[in-house]
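Beneath this line is the structure, given in structure tokens, with notes to follow.
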Amino acid sequence: MLSVHTSPLAQPGTGDAGGMNVYVVQTALEMARRGVEVEIFTRQTSSELPSVAELAPGVLVRHVVAGPFGGLGKEDLPGQLCAFTAGVLRDEARQEPGWFDVVHSHYWLSGQVGWLLRDRWGVPLVHTAHTLAKVKNASLASGDTPEPLGRVVGEEQVVAEADRLVASTPAEAEALIAEYGADPEAVRTVAPGVDLATFTPELDRGAARAGLADEAGVAIGEDDVVLAFVGRIQPLKAPDVLLRAAAEMIARRPELRSRLRVLVVGGPSGSGLAQPRVLVDLADELGITDVVSFLRPRGGRALAEVYRAADVVAVPSYSESFGLVALEAQACGTPVVAAAVGGLPVAVADGRSGLLVADHSAASWASALERAALDREMRGRLAAGAVEHAQVFSWDHTADALLATYAEATAARREPRRVAV
């Protein structure tokens with residue numbers, strides 16, 4: 001597996017780490033449980049990182065020196081792809097011939113590397129885009145920076161070269177075909193999963209809320225209304241929409257202020273790095289600093305506690321290939337209010353496990369959040385539906401589908417080429 005721009009060891013919610021990191025880790029672990037050896041190549045960002053780290057038995061993370069240690073923005077990484085590719089090729093050269101059977105690239109930068117490795121090693125290239133520039137540019141947040149032409153062209157090249165393209169949803173599959181000219185025969189739709197052993201329904205919401213009180217800087221009572229955002233702080237993810245909706249809710253119901261709590265869990269990323277305090281300043285501007293708490297990013301069981309503490313998790317993104325946060329929250333029995341974009345209509349069953357919002361206005365979001373969080377009967381119904389909906393997705397199913405795709409791509413490469421007469 002190739003994950004050039006972000007390490008599977010990084011904490012999601014910081015820098016460029018997010019749902020893709022979770023995807024790479026969980027699918028690698030599931031494959032290893034089936035006896036498939038996985039090596040994940042990523043760029044080395046610190047001199048203190050070992051050249052090879054064992055993520056789990058059967059899963060190795062190889063850190064490739066490509067450019068300076070420390071953070072490089074994704075816009076600077078195309079200049080390091082040659083160095084990264086050379087590092088991977090040198091590592092493979094130390095192994096027995098035919099060491100790798102399949103290359104699976106994640107994100108377009110990795111796809112550029114995978115394209116060369118595929119040709120060098122004579123193995124199939126399976127590519128998962130995770131996000132697509134043309135789709136993101138079609139629904140930019142106000143003031144956000146469009147994805148550059150270089151990325152668009154790079155994605156088009158990878159789409160044309162990959163043996164198989166893995167889309168997370170039918171909508172992404174359609175975008176690959178309609179926007180990028182992908183061969184429909186090469187596209188496979190494989191839904192991501194959720195760790196159903198870690199993200200489980202609430203056992204004691206009071207305990208979950210009490211555990212967050214110190215970090216939140218305020219006690220969170222059993223009768224408080226808790227709204228949560230989990231993810232990278234950047235315009236694309238639109239956490240500002242939740243803050244504006246919370247202010248609108250208080251304007252409509254002034255008595256709600258004393259028991260409304262908004263938890264923002266994540267760190268600045270992407271274009272959000274230019275204004276790391278933008279949400280803090282917005283909360284002050286809206287007059288809701290007493291309501292909003294900013295919490296550090298976290299994963300695993302600590303993240304599950306945030307989901308369990310919340311009445312509703314908001315996913316207001318402008319573009320989302322799938323939305324793993326929505327799935328994790330629902331697996332914990334917490335309804336989700338999400339934007340009706342990208343893969344979120346698949347991740348959230350509208351009216352059954354959560355609510356979808358057609359726009360990003362404060363009024364629309366306030367109304368949806370009020371329905372999901374304040375109407376006890378509806379919240380109970382959505383919570384039950386959330387657990388049921390999440391059970392459909394698992395990393396076990398994802399890994400099985402990916403392995404079937406690998407086998408199919410391998411068999412196709414071995415077939416003799418048909419020559420027109």
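Quick note: the coordinates plus some simple rules give every number you see, no bench work behind them. Since the model is a prediction, treat every value here as computed from it, not as a measurement. With ideal geometry, Cβ positions are generated from the backbone for all residues, glycine too; neighbour counts draw on all protein chains shown.
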task = Take SER258, project a point 7 Å from its Cα along the Cβ direction, then tell me which residues of region 210-246 have their backbone nitrogen under 16 Å from it.
result = 219-225
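Classify region 111-242: rounded, prolate or oblate, from the alpha-carbon gyration tensor (a ≥ b ≥ c, eigenvalue square roots; a/c under 1.5 rounded; otherwise prolate if a/b is larger than b/c)?
It is prolate, given that a/c is not under 1.5 and a/b is the larger ratio.
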query = Kirkwood hydrodynamic radius of region 78-152 from all distinct Cα pairs, in Å?
reply = 14.0
query = Tell me, SER7, SER258, SER353 in order of fewest to most beta-carbon neighbours within 10 Å?
reply = SER258, SER7, SER353
note = Within the under-11-Å Cβ sphere about ALA347, not counting ALA347, Lys/Arg +1 and Asp/Glu -1 give a net charge of -3
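Can you tell me the length gained on complete extension of the stretch ASP350 to ARG33, counting 0.36 nm per residue apart and subtracting the Cα distance?
Details: separation 317, 0.36 × 317 = 114.12 nm, distance 3.42 nm.
Separation in residues times 0.36 nm, less the Cα-Cα distance, equals 110.7 nm.
Before rounding to the nearest 500, sum -39500 (n - 2.57) across all DSSP H runs of length at least 4 in the chain and divide by the residue total; then give [θ] at 222 nm in deg cm²/dmol.
Computed mean residue ellipticity for the chain: -13000 deg cm²/dmol.
Kindly put MET1, MET378 in sequence by how many other C-beta atoms sit within 10 Å of each C-beta, fewest to most.
Values: MET1 24, MET378 16.
Going from sparsest to densest Cβ surroundings: MET378, MET1.
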task = Using 0.36 nm per residue of separation minus the Cα-Cα distance, give me the extension gain between LEU203 and VAL280 in nm, one decimal.
result = 24.5 nm
Fraction of alpha-carbon pairs over 30 Å apart in the chain - percent = 42
inquiry  = Compute the helix-to-body angle for 395-414: its Cα long axis versus the longest principal axis of the chain, expressed 0 to 90° and rounded to tens.
reply    = 20
message = In whole Hz and in residue order, list the ³J(HN,Hα) couplings for region 282-293 that follow from phi through the Karplus curve 6.51 cos²θ - 1.76 cosθ + 1.60, θ = phi - 60°; x for Gly and Pro.
response = 5, 4, 5, 4, 7, x, 10, 4, 6, 9, 9, 10
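At most 14 other C-beta atoms within 10 Å and a DSSP loop state: those are the exposed trypsin sites (Lys or Arg not before Pro) I care about. Give me the longest piece of the chain that has none. Write out the running numbers ahead of the final one.
Details: sites that count: ARG34, ARG94, ARG277, ARG417, ARG418.
Maximal segment without exposed cleavage sites: 95-276.
Between ARG376 and SER364, what is 0.36 nm times their sequence separation minus the Cα-Cα distance? Round to one decimal in nm.
Numbers: separation 12, 0.36 × 12 = 4.32 nm, distance 1.95 nm.
That pair, ARG376 and SER364, stretches by 2.4 nm at full extension.
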key: Approximate spin-label separation ALA210-ALA411, in nm, with each point projected 7 Å along Cα-to-Cβ   = 5.6
key: Amide H partners (placed H, <5 Å) of ALA167, local residues excluded   = ARG188, THR189, VAL190
query = Using a ≥ b ≥ c from the Cα gyration tensor of region 329-373 (square roots of the eigenvalues), is it rounded, prolate or oblate, where a/c under 1.5 gives rounded and otherwise the larger of a/b and b/c decides, a/b for prolate?
reply = oblate
remark   = For LYS134, the aspartates and glutamates lying under 13 Å Cα to Cα, once residues fewer than eight places off in the same chain are dropped, come out as GLU147, GLU155, GLU156, GLU172, GLU174, GLU179, GLU320
query = How far is helix 149-161 tilted, in degrees, relative to the longest principal axis of the Cα atoms in the chain, given as a value from 0 to 90 rounded to the nearest 10?
reply = 50
message = Let me check against my output: what whole-number percent is the relative contact order of the chain, with C-alpha pairs under 8 Å and at least 6 apart?
response = 16
inquiry  = How tilted is helix 19-33 with respect to the longest principal axis of the chain? Cα atoms for both, answer in degrees (0 to 90, nearest 10).
reply    = 60
inquiry  = Over the chain, with a Gaussian network built from C-alpha contacts below 10 Å, which listed residue (GLN391, GLN44, GLN112) shows the highest mean-square fluctuation?
reply    = GLN391
Listed peptides 310-320, 169-179 by packing density, highest first (mean Cβ within 10 Å) = 310-320, 169-179
task = Indicate the gyration tensor shape class of region 6-141 (rounded, prolate or oblate), computed on the Cα atoms with a ≥ b ≥ c the square roots of the eigenvalues: a/c under 1.5 is rounded; otherwise a/b larger than b/c is prolate and the rest oblate.
result = rounded
